[in-house]
Amino acid sequence: MAPTGQVSRTQVGRHDLLIKELHDEYGPIVRINPIHIHIYDPDYLDEIYAGGKHKRNRDPWFMHMSKSGVMTWSLIHTETHEVHKQRRAALAPFFSKRAIAQLEGMILGKIEALAERFKHLLATEEVVDLTYAMSALAMDVVSSYALGVDVGNLQRADFGKDRLDAHRTAGYIRPMGRQFKWLVNPALMWLHPDLVEKFSPRTAMLSRKLMFPMESIQAAVEERDRRGGKPLEANARTIFSDIHDSDLPQHEKEPGRLSAEAAGILGAGNEGTARTLAITLFYIYDSPEVLKKLRKELKAIMPSPTSHVSLEALEALPYFSAAMTEGLRLSHGASSRMPRIATEENLVYHEWVIPAGTPVMQSMYLHHMNPKIFTQPHQFLPQRWIDNPELKSRYFMAWGRGSRSCVGMNLANAELYLTIACILRRFDLTLYDTIRDRDVEVVHDGFIGMPAFDSPGIRANISYELTS
């Protein structure tokens, strides 16, 4: 194992590249600081990210947790296995495949609104930032479902770019937030945004956006109280009104706790989904042969460009499904290393015994770019998933793994499949001044993979609307 303290220099947000250098020198297991062990071995994933009876805690330092911090209130930041299990059980039914299947009509309605915007952009010959456009779609979908309030980003001229910018800010301040927990705890929830703005305008912008779920949840609670504690009518119910009426302990249903949960869902359902959609579109329209194959396959179930199709039908298309999986791999949704702490068992890796209580991890970026698993890892090659089905069952990690895998993956998957199918079948896009190294690939790791700070975005012209 490498000696402690080897990593002392870093590119902003790309600690993983230095970790890879350590592995190249010392082997598959290294201690990257006094408390963290990183294992670069794809066949050890199921031990680190275990499910079932194996208990795995989050690492409080890595997830910016403090005893009084709001970051501990959401599912994604929950430290202990027991509390996480309780919170996940309350949310999981809303994100099951069956529940998401019932949302297809709503999702298709938002996609149709996006298509109308694309038709307008075609007429005006304007350049569109695909990440902002996809963020508008994702935000309108997730806010409608979670809070019953469509924020209307698809109707805004700039696609509501301020909301995505606010969520990106959370990623930019994460590295500092691990050292200064007040930056992402009291600063975001307890201090007034006007005060925060004096020392960090970016954080103030994020703080203002976080007020939105708090206000919506508080309004639902007040409406319930006005009804004498009776549940809301069916047409007024949302994820969080149902959770408020669930059998969770009362302290888990306090507005502040639910607001933090909502902020986590909105954040995960916005930026991660948006970037995956934009990156997948980039690679498809940058690969004429891939685009040709996808359109041929789609035409079999979508005879006209405006045909509606179900998620189930799209998932049955081999090449289309492979392209979506490849898009997820290369978008690096959660690109960071993901520490897990085995609380009741020692982990054994070859001749090393790792004591219970030790944070152990793998970098999701390094894993998905491992050339020993994914040949030509930087290339968009959907065929790899068809030629080797074992890749997906053993090594696909876009949604995580084990008891803490992404609870919202079925919603994100539905948006990905339905949106990409609609756009490919209806529009020709011409990429505009998009540089892969700057605008598409991961340049900064803010938990979610991010482009260069000076990136103008993944941009395109809507060049043609298909008629057949």
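Some notes on this structure:
- Protection proxy ranking of 145-153, 326-334, 435-443, 276-284 - average other beta-carbon atoms within 10 Å, highest first: 276-284, 326-334, 145-153, 435-443
- Each residue, ASP454 and ASP428, gets one label point 7 Å from its Cα in the Cβ direction; the gap between the two is 3.4 nm.
- Rounded to whole Å, the principal axis extents of the Cα atoms in the stretch 271-324 read 30, 24, 21, largest first.
- Where a label projected 7 Å from the Cα of GLU79 along Cα→Cβ would reach, residues of the stretch 237-274 with amide N under 11 Å: none
- With Cα atoms defining each centre, the stretch 354-389 and the stretch 420-468 are spaced 23 Å apart in the structure.
- Here the spin labels are modelled as points 7 Å beyond Cα on the Cα-Cβ line, and at GLU104 and LYS372 they lie 4.2 nm apart.
- Note on HIS368, HIS15: ascending count of other Cβ atoms within 10 Å places them as HIS15, HIS368, the fewest first.
- R0 of 56 Å, Cβ-Cβ distance GLU126-GLU351: FRET efficiency to nearest 0.05: 0.40
All of the numbers you see were taken from the coordinates with simple rules; none came from a lab. Note that the structure is predicted; figures quoted are calculated from it, not measured. Ideal geometry is used to build each Cβ from the backbone, glycine not excepted, and the neighbour counts take in all protein chains shown.
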